[in-house]
Amino acid sequence: MAQVSKTRTYNTGDTLTAAYYNADRDEIIAGVNSIDNTQIASDAAIAYSKLNLTGSIVNADISATAAIAYSKLNLAGSIVDADISSSAAISYSKLNLTGNIVNADISDSAAIAYSKLNLTGAIQDSDLAGSISPSKISGTAVTLSGTETLSNKTLSSPVINGSVSGSAIKDEDNMASNSATALATQQSIKAYVDNKVASKKVNRAFTWGIRGTLVTGNAQGMKFIAPQNLTCVKLYARTGSGSCTIRIKEPSETLKNSFSVSSSVSSTTSFDQNDIEAGDLITLDITSVNNAVDLWVTLECEQ
């Protein structure tokens, strides 16, 4: 192939704004416009150092559709917050990640909004490794270690360990509030029952009735067996006419000795021995008679 040589003459003082070969690469052309895409081969590699730039590259220098490979950025060190605008939106797909994001990839102080996680479905147990710090939970979520106030919650088969407290737990030995919705403590229930039992007195009366002319003798009339431990409270007696003296006994003790009885009702609360044990046999003795006819005696006791 013959070598072709062409020349072009320029006058002194001419300014070459840009010079380049024509399409046949057989002529140098002086241009007066800017370099455009057609003047640079698509596979051209132009070192950044060959661009004599003044100032920084700004948004207007880059087409909105430009795709700049990360490898084209000669970065020193890691990208830091200051390198990225606070309003920048970097698509996750633009990060060429290998493997999963791990703890070391995220700063301890990072705050990632929940809205930034493009989740499908609900978070499952398997999505979480270990435990979530309560400080990472906001709003009205209930935590294991926190002190929470729950409203209108139903607990199915709860297991309550330790002590319970609150305005709905009443510790009243007398059950004074009489609430239909509050709970009573074990101690207050026991105290209430014990007080009621202690204040409840069971009264019993043993009565003898002997008709006709009285004579002296022991164990006159009926004999009674005490059904439980009792305490003598009061003794009443009278005759139909005349007078007599009586004695009330149990096997080993005299409950009341030498009690005078007339045709008017006599009574006493004073006893020689007022304790009766369960199973004791209680009897009436007539120790003296003065023209007495008919006799009625009542011994009142309480448990």
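Which FRET efficiency value, to the nearest 0.05, is calculated for Ala176 and Lys201 with the Förster distance at 25 angstrom and r the Cβ-Cβ distance?
Numbers: r = 23 Å, r/R0 = 0.92.
My answer for the efficiency is 0.60.
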(request) For Leu255, enumerate residues with amide H under 5 Å from its amide H, sequence gap 5+ or separate chain, H modeled in the peptide plane. (result) Ile248, Lys249, Glu250
(request) Can you work out the PRE-style zone for Leu281? Point 7 Å along Cα to Cβ, and I want the residues of segment 237-262 with backbone N under 18 Å. (result) 247-256
(message) So if I place +1 on the C-beta of Lys and Arg and -1 on the C-beta of Asp and Glu, and nothing else carries charge, what would the dipole magnitude of segment 185-251 be about its Cα centre? I want it in debye, nearest 20.
(response) 100
(message) Within 13 Å, Cβ to Cβ, of Thr269, how many net charges do the neighbouring residues add up to if Lys/Arg are +1 and Asp/Glu are -1?
(response) -1
(message) Expected output is a single nm value to one decimal: the length gained when fully extending between Ser56 and Ile84, i.e. 0.36 nm times separation in residues minus the C-alpha distance. What is it?
(response) 8.6 nm
(request) Apply the Karplus parameterisation 6.51 cos²θ - 1.76 cosθ + 1.60, with θ equal to phi minus 60°, to every residue of segment 155-162 and state each ³J(HN,Hα) to the nearest whole Hz, in sequence, with x for glycine and proline. (result) 9, 8, 6, x, 10, 10, 9, x
(message) What FRET efficiency comes out for Ser91 versus Ile160 if R0 is 45 angstrom and r is the Cβ-Cβ distance? Round to the nearest 0.05.
(response) 0.30
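Read the figures in this text as sums done on the coordinates, not as results from a lab. Every value quoted in this text rests on a predicted model; they were computed, and no experiment measured them. No Cβ is skipped: glycine too gets one built from the backbone with ideal geometry, and neighbour counts run over all protein chains shown.
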